[in-house]
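Just below is one structure, and these are the notes that go with it.
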Amino acid sequence: MRQTLSVAICVIVSLVLMAIGTRYIHPHWTLGTLYSLQLHAAVACVLALIVALLVKRHFAVWLLFAVSVLFAGHAVLMGREFAAPLAAAEANAPTFKLLSFNILNDNFTNAEGIVRTIQTSGADLVNIMEAAPLRVYMDELAKTYPYRVGCGVLIEDCDQLMLSRVPIEAPIVQSLSDIFPDRFILAKVTVAGRPINFVGMHTTKPYFDNFHSMELNRAALAIGETTGPLLLSGDFNASSLAPNMRRFLSNTDLATAGFEPATWPIRAGVFGLPIDHVYARAPLKIKSLTRIPDALGSNHYGLIAEIAITGQ
């Protein structure tokens with residue numbers, strides 16, 4: 001019985017590790033969600049193998065244990081690779097705030113609470129995804145954020161909504177794929193006296209064939225046509241560990257926060273996945289990134305980022 005249990009654990013762990021390992025050889029979209037879960041999956045394998053070692057120790061268990069630790073460690077390192085922390089000399093750089101939140105398209109019950117959260121957030125720029133519940137509150141939001149794209153401005157529907165305290169200049173709206181239209185907004189804003197490129201986007205789920213990678217490639221091409229500081233936020237339905245997400249960050253010269261808080265699923269709390277992101281391109285740097293304490297009926301937590309304007 002002990003031998004059977006140990007072998008069963010090893011077989012299951014082997015399959016999981018082999019699936020994760022494909023990212024290092026030839027990543028495939030069918031495993032996209034697992035790639036995002038590499039740290040979680042590797043830690044789960046480590047825990048399972050500890051049980052196997054308690055049941056019966058043998059070479060295969062130790063080998064799989066070492067591979068699991070290696071994959072977990074590499075996931076931690078990958079999570080830090082694109083981070084761009086503030087230097088000591090940049091501590092007093094001017095800052096502004098961003099709110100990014102996927103509020104869920106049918107979340108009408110909590111719409112008033114979401115409006116209050118947006119208005120009291122102190123954010124200068126706001127990116128809201130699946131914003132249909134806010135359509136009837138545009139006049140109210142305009143008291144705090146008089147400039148917008150979405151909900152009747154350039155985009156008829158409210159699937160993607162950009163709000164700003166300062167004028168939004170030269171906004172461009174694109175469809176990243178045929179699945180969901182108009183989920184990419186690129187505009188220019190001037191904050192703290194500095195013109196920046198501001199992007200809000202929402203990608204499809206990584207298990208919709210290869211659409212997720214295609215959308216990232218299209219977004220990267222649009223971002224590549226801009227110069228100067230750029231701030232991007234949105235729901236990517238994938239963590240920064242996924243191979244196509246890492247390629248996207250590399251191709252666009254975007255940097256992450258030192259720590260990306262988990263945003264989904266909300267029931268998992270701090271053990272969830274960071275699939276909602278804020279990325280910045282120099283000379284912008286993410287000074288802090290926190291999730292809002294209440295998901296307000298959404299299946300995602302929103303994010304509040306303080307952005308430093310360095311290099312002036």
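Just so it is clear, none of the values below were taken in a lab; they were calculated from the coordinates. Just so you know, these numbers come straight off a predicted model, no measurement behind them. FYI the Cβ positions are ideal-geometry reconstructions off the backbone, even for glycines, and counts take in every protein chain you see.
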Review point. Amide H to amide H, which residues 5 or more places from LEU176 or on other chains are under 5 Å from it, using H placed in the peptide plane?
Key: ASP182, ARG183, PHE184
Practice item. Return the whole-Å distance between the Cα centroid of segment 62-82 and the Cα centroid of segment 293-312. Key: 28 Å
Exercise for review: Springs between alpha-carbon atoms under 10 Å, Gaussian network over the chain: tell me which of GLY272, GLY150, GLY32 tops the mean-square fluctuations.
Suggested key: GLY272
Check your understanding: For helix 111-120, what angle does its Cα long axis make with the longest principal axis of the chain, in degrees from 0 to 90 and rounded to 10?
Key -> 70 degrees
Review point. So which residue, out of HIS300, HIS212, HIS40, gets the largest mean-square fluctuation from a GNM of the chain using Cα contacts under 10 Å as springs?
Key: HIS40
Revision key, fill the gap. Diffing segment 276-287: the Karplus 3J(HN,Hα) column from phi (6.51, -1.76, 1.60, θ = phi - 60°), in whole Hz with x for Gly and Pro, holds 9, 10, 10, 10, 9, 10, 3, x, 6, 9, 7, 6
Check your understanding: Once phi is turned into θ = phi - 60°, what whole-Hz ³J(HN,Hα) does the Karplus curve with 6.51, -1.76 and 1.60 give for every residue of segment 199-204, x standing for Gly and Pro?
Key -> 10, x, 8, 8, 9, 6
**Study point:** Pairwise centroid distance, computed over Cα atoms, of segment 21-53 with segment 191-258, Å
**Key:** 24 Å
**Study point:** Extended-chain gain in nm, criterion 0.36 nm per residue less alpha-carbon gap, ALA88 and ALA60
**Key:** 5.3 nm
**Study point:** Inter-centroid distance (Cα atoms) of segment 265-291 relative to segment 85-150, Å
**Key:** 15 Å
Practice item. Neighbouring Cβ atoms within 10 Å as the yardstick, rank PHE71, PHE271, PHE82 fewest first. Key: PHE271, PHE82, PHE71
Review point. Once label points are set 7 Å from the Cα along Cα→Cβ at both ASN299 and THR22, what is their separation, rounded to one decimal in nm?
Key: 2.4 nm
**Study point:** Angle between the chain longest axis and helix 38-55 axis [Cα atoms, degrees, rounded to 10]
**Key:** 20 degrees
Review point. Once amide H atoms are placed 1.01 Å from N in the peptide plane, what residues at a sequence separation of 5 or more from ARG165, or on another chain, have their amide H within under 5 Å of its amide H?
Key: none
Review point. Relative to the longest principal axis of the chain, what angle (0 to 90°, nearest 10) does the C-alpha long axis of helix 2-21 take?
Key: 40 degrees
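Only Lys, Arg, Asp and Glu count, each charged at its Cβ (+1, +1, -1, -1), so figure out the dipole size of segment 1-126 about its Cα centre, rounded to 20 debye.
Values: 7 positive and 5 negative charges, 133 e Å.
So the dipole magnitude of segment 1-126 works out to roughly 640 debye.
Determine the relative contact order of the chain: mean sequence separation of Cα pairs under 8 Å and six or more apart, normalised by residue count, in whole percent.
Values: 632 pairs, mean separation 58.5, N = 312.
Answer for the chain is 19 percent.
With +1 assigned to the C-beta of every Lys and Arg and -1 to the C-beta of every Asp and Glu, and no other charges, what is the dipole magnitude of segment 148-215 about the Cα centre in debye, to the nearest 20? Kindly include the intermediate steps, with their values, before the conclusion.
Numbers: 6 positive and 8 negative charges, 94 e Å.
Around 460 debye, computed over segment 148-215.
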Review point. Taking amide H positions as placed 1.01 Å from N in the peptide plane, with prolines and chain starts having none, which residues 5 or more places from VAL191, or on another chain, fall under 5 Å of its amide H?
Key: ILE196
Point to revise | Footprinting exposure proxy for CYS45, CYS158 (fewest neighbouring C-beta atoms within 10 Å first) | key: CYS158, CYS45
Point to revise | GLU169-SER288 pseudo-label distance in nm [points 7 Å out on the Cα-to-Cβ vector] | key: 3.0 nm
**Study point:** Answer label, with semi-axes √(5λ) of the Cα gyration tensor in Å calculated from the coordinates and candidates (i) 38, 21, 18; (ii) 31, 26, 18; (iii) 41, 31, 17
**Key:** (i)
Review point. ³J(HN,Hα) across segment 146-156 via Karplus (A = 6.51, B = -1.76, C = 1.60, θ = phi - 60°), whole Hz, x for Gly/Pro?
Key: x, 10, 7, 10, x, 6, x, 10, 6, 10, 5
